[in-house]
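Down below is the structure, laid out as structure tokens.
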Amino acid sequence: MIGGAQLGAIQKHDSRESVVARMLALLEQAKDRGCELVVFPELALTTFFPRWYMEDQAEVDVWFEQEMPNAATQPLFDFARTHRIAISFGYAERTPEGRYFNTSILTDRTGTIVGKYRKVHLPGHAEFDPERDFQHLEKRYFEPGDLGFPTWENEGAVMGMCICNDRRWPETYRVMGLQGVELVTLGYNTPSVNAQNRGEGEAHRLFHSQLVMQAGAYQNATWVVGVAKAGVEDGFPLMGGSVIIDPNGFVVAQADTQGDELISHRCDMDLCTFGKTTIFDFKRHRRIEHYGIITRQTGAERPA
Ligand code: CDV
């Protein structure tokens with residue numbers, strides 16, 4: 001059984017300890033349902049701070065973790081070990097060298113960290129943008145991840161992670177698909193309205209979110225567990241819609257609130273085999289001689 005533990009809003013003044021208490025309450029439910037892995041959202045421990053423009057690095061540093069586990073998060077790892085539940089969650093990472101990443105970790109069922117991922121596709125901008133209804137300053141506070149899209153053999157499945165905006169890029173899933181991924185975990189903080197287009201509201205945003213995750217799951221014959229931080233944070237709404245998607249691209253579990261909510265599904269990894277050995281048998285069908293442009297070029301270039 002796999003769980004997706006959606007978190008409701010986290011306000012600026014909420015402490016790490018209060019958020020961890022909410023995560024533990026969800027883990028308690030997950031234990032009762034027999035979950036072996038529980039996935040939490042991107043930047044799970046704090047409010048989505050990149051919406052705030054800050055110039056003082058000391059003010060920024062408050063949102064970052066310098067160690068994982070640390071005193072505030074240790075209870076999550078203890079719970080994992082005691083109850084044999086692997087966990088994955090996102091947080092803002094400051095390395096000993098003073099580098100800043102939007103990171104997520106994956107543990108095994110002893111609560112030992114077996115994988116780390118650093119967000120590759122950082123959306124938004126680096127300077128204050130008065131044209132937007134609200135800011136999205138990930139490019140200011142983080143550097144792009146430097147670990148690629150690794151996968152890990154964990155608890156009998158090949159697992160990989162990505163974070164929020166990464167889910168919109170087919171390359172994300174394909175790089176993991178080429179490592180035989182069977183379960184992709186991802187957390188997100190997606191504003192309910194587009195900061196650059198007020199006409200693009202929640203229904204539209206949910207549609208795109210599911211569209212890309214369902215496509216990624218189907219095209220790589222993998223489970224996808226996409227988990228939201230939802231609700232209104234200090235006046236700014238984030239959409240919910242956490243989902244578990246099967247390797248055929250079907251949604252098999254979905255959150256229906258904007259608050260703390262556990263979704264779960266018995267995910268059979270053998271369901272990945274059919275797609276991986278037939279229509280998406282990469283070795284037989286991929287034509288890499290035609291794909292070079294994908295890694296040679298970033299932007300679109302029209303023919304001369
Ligand atoms: N946290 C994110 O990466 N959010 C983006 C928003 C800005 C579009 C997302 O892709 O959901």
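Every read-out reported here was derived from the displayed coordinates using simple, explicitly stated rules and does not represent laboratory data. Model, not experiment: these values are computed from the prediction. We place every Cβ from the backbone using ideal geometry, glycine too, and count neighbours over all the protein chains shown.
Each of the peptides 250-256, 166-172 was scored by the mean count of other Cβ atoms within 10 Å over its residues; in descending order, highest first, they stand as 166-172, 250-256. For the peptides 35-48, 211-224, residues were scored by their other Cβ atoms within 10 Å and the scores averaged per peptide; the highest-first order is 35-48, 211-224. Estimated from helical segments only, the mean residue ellipticity of the chain at 222 nm is -7500 deg cm²/dmol, where each DSSP H run of four or more residues counts as -39500 (n - 2.57). Estimated at 0.36 nm per residue, the fully extended path between Arg33 and Thr110 surpasses their Cα-Cα distance by 25.9 nm. The label-point distance for Phe128 and Thr82, in a model that sets each label 7 Å from Cα toward Cβ, rounds to 4.7 nm. Between Asp256 and Arg287, residue separation times 0.36 nm minus the direct Cα-Cα distance comes to 7.1 nm. Using the average count of surrounding beta-carbon atoms within 10 Å as a protection proxy, the listed peptides 262-268, 5-11, 140-146 rank, highest first, as 5-11, 262-268, 140-146.
Summarising the label geometry, the points placed 7 Å from Cα in the beta-carbon direction at Gln57 and Ala300 lie 3.9 nm from one another.
For the pair Thr278 and Ala21 in one chain, pulling the backbone fully straight at 0.36 nm per residue adds 88.0 nm over the alpha carbon distance.
Using a cut-off of under 16 Å, list every residue of segment 90-107 whose amide N is near the label point 7 Å from the Cα of Trp169 along the Cα-to-beta-carbon line. From segment 90-107, the list is 101-104. Spin-label model, Gln196 to Leu271: label points 7 Å out along the Cα-to-beta-carbon direction sit 3.6 nm apart.
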